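Presented below is the structure to which this report refers.
Here, each number is a calculation from the coordinates, and none is a lab measurement. Just so it is clear, the structure is predicted and the values come from calculations on it, not from any experiment. A quick note on method: Cβ atoms are made from the backbone with ideal geometry, for glycine too, and the neighbour counts reach across all protein chains shown.
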Amino acid sequence: MSNNGKKTPPNGKVRDQRLKTFVRALQISDTFFPVGMYHFSHGLESFVQREIVRDVDDLVCLLKDILMHQIAPVDGVALANAYRAAEQSDLNTLLRIDEMLYVMKLPGEIREGSVKTGKCLLANLLLMISDRIILRDFHEMVRTGASPGNYAVVLGFGGYLLEIDCPEVMMMALYSFCVSFVGAAMRLMKMDHYKSLKIISDLQSLLADMIQKNIYKTTEEMYSCAPLADIMSVKHEKATVRMFLS
């Protein structure tokens, strides 16, 4: 017992492995981590230019729709299945999931963004855990063009290799998307950091609920139903003046 009556861990040590896992989670979800998410507005730029999204209420409504009907049931499900494929060291299933996710992203900019960020994340994972065979094998398939290397797939199996629990990896993906989306809104609309913080804070329960609903779905249950978001992304591809890559 310590002097204040509280229990102390054996030998006075905290759980070292848990702290290492936690810092890995912080590292790969931090905006400092070089995957390039800040280059993308995820179609929001077109919504703002056409005055479909005019204020914070419009923004939150759009963000929720994209999360619930596109990101969680497609990227989230792909991520969870990639995590389980990594548990089984099943490279063939990993490649199949990667291809399925790629073809379900209809706008070219969205596919390109998913692959660009995925390849960046993959390259960084190689620096962190270069001794894992499945990581090197998957990197070779992506390098040679045999597999696209989507961000959600790389994050899913990379999260397993980094010993982060699957629900936490899914939360990292959803949270990172929200930060990227709201960050783009700050540059496109009249919105300060305080409003941005409130938006993301208010979404916490919804994000947890989406994880519960999608974490155990199979790849055959993946679906995307956000047609207006896809249309705005396609229009963004043809825009003459753009702030973002997508």
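Counting other C-beta atoms within 10 Å, which of I110, I134, I129 has the fewest, and how do the rest follow?
I129, I134, I110
Please order H193, H139, H69, H42 by the number of other Cβ within 10 Å, starting at the fewest.
Ascending number of Cβ neighbours within 10 Å: H193, H69, H139, H42.
Along the Cα→Cβ direction, 7 angstrom out, place labels at K190 and A123. What is the inter-label distance in nm?
Distance between the two pseudo-spin positions: 4.0 nm.
Anything over 30 Å Cα to Cα? Flag those among K20/K119; K64/K119; K20/K195; K119/K190; K20/K105, in the order listed. It would help to have the intermediate numbers written out before the result.
Details: K20/K119 24 Å; K64/K119 27 Å; K20/K195 32 Å; K119/K190 33 Å; K20/K105 34 Å.
Listed pairs above 30 Å: K20/K195; K119/K190; K20/K105.
Along the range 197-202, what does the Karplus equation 6.51 cos²θ - 1.76 cosθ + 1.60 (θ = phi - 60°) give for ³J(HN,Hα), rounded to whole Hz, x for Gly and Pro?
These are the phi-based 3J(HN,Hα) values: 4, 5, 4, 5, 5, 5 Hz.
Just to verify a number: FRET efficiency for D58 and D30, C-beta to C-beta distance, R0 = 22 Å, to 0.05?
Working: r = 29 Å, r/R0 = 1.30.
Efficiency computed from Cβ-Cβ geometry: 0.15.
For the range 92-106, take each phi angle, set θ = phi - 60°, evaluate the Karplus expression 6.51 cos²θ - 1.76 cosθ + 1.60, and give the result in whole Hz per residue in order, putting x for glycine and proline.
Along the range 92-106, the couplings run 4, 5, 4, 5, 5, 4, 4, 5, 4, 5, 4, 6, 7, 8, 6 Hz.
Loop only by DSSP, 14 or fewer other Cβ within 10 Å of the Cβ. Give me the trypsin sites (Lys or Arg not before Pro) in the range 177-220 that pass, ordered by residue number.
Values: sites: R187, K190, K195, K198, K213, K217; in loops: K190, K217.
Here the sparse-neighbourhood loop sites are K190.
Modelled label-to-label distance, K198 and K213, 7 Å Cα→beta-carbon offset: nm?
2.5
Give the cross-link partners of K217 among the aspartates and glutamates, using a straight C-alpha distance below 15 Å as the criterion and excluding same-chain residues fewer than 8 apart.
D75, D209
Can you tell me the orientation of helix 108-128 relative to the chain, as the angle in degrees between its alpha-carbon axis and the longest Cα principal axis, to the nearest 10?
Helix 108-128 sits roughly 20 degrees off the main axis of the chain.
For the chain, give the magnitude of the charge dipole about the Cα centre (Cβ charges: +1 Lys/Arg, -1 Asp/Glu; no others), in debye to the nearest 20.
Values: 28 positive and 28 negative charges, 135 e Å.
Using only the charged Cβ atoms, the result is roughly 640 debye.
Which of the three applies to the chain, rounded, prolate or oblate, going by the alpha-carbon gyration tensor with a ≥ b ≥ c and a/c under 1.5 meaning rounded?
Values: a/c = 1.93, a/b = 1.27, b/c = 1.52.
Verdict is oblate for the chain.
Once every DSSP H run of n ≥ 4 in the chain is given -39500 (n - 2.57) and the sum is divided by its residues, what mean residue ellipticity at 222 nm do you get, rounded to the nearest 500 deg cm²/dmol? Write down the numbers at each step before the final one.
Values: 12 runs with 154 residues, N = 246.
Value at 222 nm, helices only: -20000 deg cm²/dmol.
Along the charge dipole of the chain, which of N81, I231, Q17 sits closest to the positive end, that is, farthest toward it, with unit charges on the beta carbon of Lys, Arg, Asp and Glu (+1, +1, -1, -1)?
Q17
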